[in-house]
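The values are calculated or read from the model by the stated rules, or taken from the named source; none is laboratory data. From a predicted model like this one, the values you see are computed outputs, not experimental measurements. Every residue, glycine among them, receives a Cβ derived from its backbone with ideal geometry; neighbour counts consider all protein chains shown.
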C-alpha cells in the first residue's frame, strides 16, 4: 500500500471512528452535546486550531508563508472529505482545549495526546500516531536518568499544557525548578543558553531543533496515542 493511500485511510478513520480508549475515556454525562456538522457545512469551512511550532506535525514556513506538517496535511484531507475548506487559527497549545470547548474552533489538530482529562471535556477521534516523550540535554552533559524523578533538582523546561507538563508537575519536588514555555523554540534556546539543564518534549520535534542546537536525548518514555479532538455531540462530524 502506498504512503498516500495509507494517509487517505487514516483521514477517513479520523472522520469515521470515535476512540473508545478504555474505562474513563467514555463520553461524560455532564458534557452538553453540540452538533457542529450543520454549522460547518453552512459556513463552508472547518475552523481548526493548532500550535505552529511543533515540527514535523505543524510549523509555519516563513518563506512560503504557509502552514506545513503532518497534522496540517491530515486536517486538509478531512476538510476535503467534508467538502469544506480549512480556516486555521494558530494559538498557544495551552489554549486549544478551551477554544474547542467554547466553539471558537471546531477541531484541534496539534499533536495532542489522548488523556483521560482531555477526554472528559472533548471527543477524540481515532488516534493516528504514537510517539515517545524524551528528556533532552545539551550534548556536552550526560546525566544519569533512569526515571523522571531523577530530574528533581534540575532546571527543566516543558511546553505549557502538554502531557509532559502534567507528568512533571505531578512529581514531588519538581515544581520549584520547572519552567513552562508557551513557545517550544524559546525552550530550546534556553537549553542552549544554559538557563535550563534539560527539557521534556515529544521525540519527533527534536529532529529539526537538533539541526540548530547541539542536543542529545537522554531518557525516553512511551507516550499516549495522538488524536484530533472535536466537541462531544458532533456525531455526524465524527462519522
Would you confirm whether or not segment 206-215 contains a residue that is at pLDDT 95 or above, under 18 Å from the mean Cα position of the chain (by Cα) and outside any strand (DSSP E or B)? yes
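So if I check each of 154, 113, 93, which one is over 30 Å from residue 46 (Cβ atoms) and modelled with pLDDT of 95 or more? Quick ask: steps written out before the conclusion?
Numbers: 113 fails: over 30 Å from residue 46 (Cβ atoms); 93 fails: over 30 Å from residue 46 (Cβ atoms).
Going through 154, 113, 93 in turn, the sole match is 154.
Within segment 219-239, how many residues turn out to be surrounded by 15 or more Cβ atoms within 10 Å (Cβ to Cβ) and in a helix (DSSP H, G or I)?
Our first condition is that a residue be surrounded by 15 or more Cβ atoms within 10 Å (Cβ to Cβ); within segment 219-239, this holds for 219, 221, 223-234, 237-238.
Then keep just the ones that are in a helix (DSSP H, G or I); that gives 237-238.
Looking only at that region, the number is 2.
Out of all the residues in segment 32-46, is one or more part of a strand (DSSP E or B), within 29 Å of residue 188 (Cβ to Cβ) and at pLDDT 95 or above?
We begin by selecting, within segment 32-46, every residue part of a strand (DSSP E or B); these are 45-46.
From what's left, within 29 Å of residue 188 (Cβ to Cβ): none.
No, that holds for no residue.
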Of the residues in segment 151-205, how many are over 21 Å from residue 141 (Cβ atoms) and in a loop (DSSP other than H, G, I, E, B)? 7
Could you please tell me which pairs satisfy a Cβ distance under 6 Å, a separation of 6+ or placement on different chains, a first residue in segment 109-122 that is closer than 16 Å to residue 234 by Cβ, and a second residue that is assigned to a strand (DSSP E or B)? 109/48; 109/50; 109/228; 122/229
